[in-house]
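> For reference, the structure I am asking about is given below.
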Amino acid sequence: MSSSTTTGALRKTALNELHRRLGAKMVDFGGWDMPVEYPAGGGLMKEHLGVRTGVGIFDVSHMGDIHIRGPQALDAVQWISMNDASRLQEGQAHYSALLYPEGTFVDDVIVHKMGPNDYLLVINAGTREKDYEWVRKNVSRFRCHADDVGNYYTQIAIQGPKAEATLQKLTEVDLSQIKNYWFKHGTVCGLPNTLIARTGYTAEDGFEIYVPSDVPTSERVWTEVMAAGKEFGVLPCGLGARNTLRLEGKMALYGHEISDTINVWEAALDRFCKMEKTDFIGRAALDKAKAAGLSRVLAGLEAVDRGIPRDGYKVFDRAGSEVGYITSGSYAPFLKKSIALAYVPPSESEIDNEVFVQVRSEKVKCKVVPTPFYKRPKKT
């Protein structure tokens with residue numbers, strides 16, 4: 001059974017009715033009917049803090065999954081993505097991106113090496129169809145198959161410092177042996193061969209599990225995870241907390257920090273772009289862009305005055321000239337301050353430099369600060 005059904009214009013995950021029973025506030029996200037917060041549990045602020053201090057659970061089944069298999073699967077993945085997949089060991093994943101020939105973003109992805117000649121790419125919800133068609137077209141020159149398998153899975157993210165203790169109750173797999181950005185298959189909630197990945201989008205420790213997408217199974221697993229996390233104060237979490245959590249960790253969002261008009265250098269994602277590997281789509285353009293120099297860079301801002309810089313707001317220098325724009329901005333619940341990411345000229349990106357953001361009728365003073373805004377504490 002598919003993990004999504006179509007009702008009107010919106011697609012629904014297998015957990016849609018469960019979210020509604022929990023009183024979730026639902027929104028249209030990338031064509032999907034998704035929970036933005038659960039007011040009955042305290043809403044966005046409490047969900048955000050719960051993930052930072054305990055454990056939260058997210059339905060991320062709207063994300064897409066592309067399986068690439070065949071004798072030349074590695075060559076195909078190397079050609080279409082910017083990171084070096086030849087370095088991956090079986091059971092390991094890494095962050096990467098699909099690029100246009102111009103060096104700008106089709107999408108950012110997580111690449112998992114499932115086995116020899118076998119890779120799983122996890123892609124964004126709002127770009128699922130576009131990404132799949134782009135991948136299918138660009139791997140056609142290689143001896144491999146690209147399959148859209150997103151509808152086969154319900155993907156549940158269990159995030160926070162108590163995520164391991166929560167999930168460990170439901171599996172015989174020793175989760176302490178799974179390193180960050182590694183994964184294993186094992187039995188979870190009685191379901192054999194479940195993919196358990198130590199990944200996430202919250203800048204916190206946690207796991208993402210992939211279970212069959214029928215409604216009864218999906219709801220049972222969600223309910224069992226909630227029961228397992230009860231002693232840690234587990235909360236169901238929506239897209240609102242997911243967004244503020246990822247912003248504190250400076251994790252890119254497609255259509256904001258990255259897009260088809262922004263290149264890798266501007267987005268400050270060059271550490272994931274391996275220019276020394278075999279050729280890949282976009283490399284020639286990136287060489288030229290690097291040689292030409294950058295006219296804008298992604299900077300972290302913290303509001304000095306009262307006011308919250310929001311997505312799309314204009315940024316001005318001290319002389320009053322418009323110099324950039326906010327890509328993502330919000331009040332940060334854990335940090336207790338207003339933060340934002342913005343594209344500004346390199347000359348305005350120095351730490352402690354002052355800029356001003358137009359917030360309604362006022363210009364709010366902000367300072368450039370180091371990023372990420374939040375780093376999770378190291379395990380002792």
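> In segment 87-108, which residues are over 20 Å from the mean Cα position of the chain (by Cα) and not in a loop (DSSP other than H, G, I, E, B)?
R87
> Would you pick out the residues in segment 111-143 that are surrounded by 22 or more Cβ atoms within 10 Å (Cβ to Cβ) and more than 17 Å from the chain's Cα centre (by Cα)?
K113, Y119, V135, V139
> OK, next. Could you list, in sequence order, the residues of segment 323-380 that are in a loop (DSSP other than H, G, I, E, B), closer than 17 Å to A252 by Cα and either among the aromatic types (F, W, Y) or free of Cβ contacts under 8 Å to residues at least 12 places away in the same chain (or both)?
Selection gives F373, Y374.
> Which condition number in (1) touching a Lys or Arg at 6+ places or on another chain (Cβ under 9 Å); (2) farther than 30 Å from K337 by Cα is the one that P35 fails?
For P35, the exception is condition (2).
> If you go through segment 119-165, how many residues are under 24 Å from S86 (Cβ atoms), of a type in the set (G, A, S) and either part of a strand (DSSP E or B) or touching a helix residue (DSSP H, G or I) at 6+ places or on another chain (Cβ under 8 Å) (or both)?
Number satisfying all stated conditions: 1.
> Which residue is surrounded by the most Cβ atoms within 10 Å (Cβ to Cβ), if the candidates are limited to segment 189-240 and must be hydroxyl-bearing (S, T, Y) and more than 22 Å from the chain's Cα centre (by Cα)?
The qualifying residue surrounded by the most Cβ atoms within 10 Å (Cβ to Cβ) is T217.
> So which residues in segment 39-48 are crowded, with 20+ Cβ neighbours inside 10 Å and out of contact with any Asp or Glu (no Cβ under 8 Å at 6 or more places or on another chain)?
Within segment 39-48, H48 is the sole residue that qualifies.
> Quick check on my filter: what residues within segment 37-86 are in a loop (DSSP other than H, G, I, E, B), of a type outside the set (G, A, S) and touching a Ser or Thr at 6+ places or on another chain (Cβ under 8 Å)?
Passing the criteria: V55, H62, M82, N83.
> Quick check on my filter: what residues within segment 301-322 are of a type in the set (A, V, I, L, M), outside any loop (DSSP other than H, G, I, E, B) and more than 24 Å from the chain's Cα centre (by Cα)?
A303, V315
> Tell me yes or no: at least one residue of segment 124-136 is among the small types (G, A, S) and under 29 Å from P236 (Cβ atoms).
Yes, because at least one residue in segment 124-136 is among the small types (G, A, S) and under 29 Å from P236 (Cβ atoms).
> Test V304 against the criterion of being surrounded by fewer than 20 Cβ atoms within 10 Å (Cβ to Cβ) and on the phi < 0 side of the Ramachandran plot, and give yes or no.
Yes, satisfied.
> Moving on. Exactly one of (1) assigned to a loop (DSSP other than H, G, I, E, B); (2) among the small types (G, A, S); (3) in contact with a helix residue (DSSP H, G or I) (Cβ under 9 Å, 6 or more places away or on another chain) is unmet by A268. Its number?
Among (1) assigned to a loop (DSSP other than H, G, I, E, B); (2) among the small types (G, A, S); (3) in contact with a helix residue (DSSP H, G or I) (Cβ under 9 Å, 6 or more places away or on another chain), the lone unmet condition for A268 is (3).
> Failed condition for L99, given (1) closer than 16 Å to G70 by Cβ; (2) buried (at least 19 other Cβ atoms within 10 Å of the Cβ), with all others met?
Among (1) closer than 16 Å to G70 by Cβ; (2) buried (at least 19 other Cβ atoms within 10 Å of the Cβ), the lone unmet condition for L99 is (1).
> Under 30 Å from K365 (Cβ atoms) and surrounded by fewer than 23 Cβ atoms within 10 Å (Cβ to Cβ), is that true of V315?
No.
> Going residue by residue through segment 267-290, is there one that turns out to be of a type outside the set (D, E, K, R), closer than 20 Å to C366 by Cβ, touching a Lys or Arg at 6+ places or on another chain (Cβ under 9 Å) and modelled with pLDDT of 95 or more?
The answer is yes, given that some residue of segment 267-290 is of a type outside the set (D, E, K, R), closer than 20 Å to C366 by Cβ, touching a Lys or Arg at 6+ places or on another chain (Cβ under 9 Å) and modelled with pLDDT of 95 or more.
> Output the qualifying pairs, or none if there are none: Cβ atoms under 6 angstrom, residues six or more apart or on different chains, first residue in segment 265-277 and in contact (Cβ under 8 Å) with a residue 12 or more places away in the chain, second residue β-branched (V, I, T).
Cβ pairs passing all conditions: A267/I258; C273/V264.
The values are calculated or read from the model by the stated rules, or taken from the named source; none is laboratory data. Just so it is clear, the structure is predicted and the values come from calculations on it, not from any experiment. No Cβ is skipped: glycine too gets one built from the backbone with ideal geometry, and neighbour counts run over all protein chains shown.
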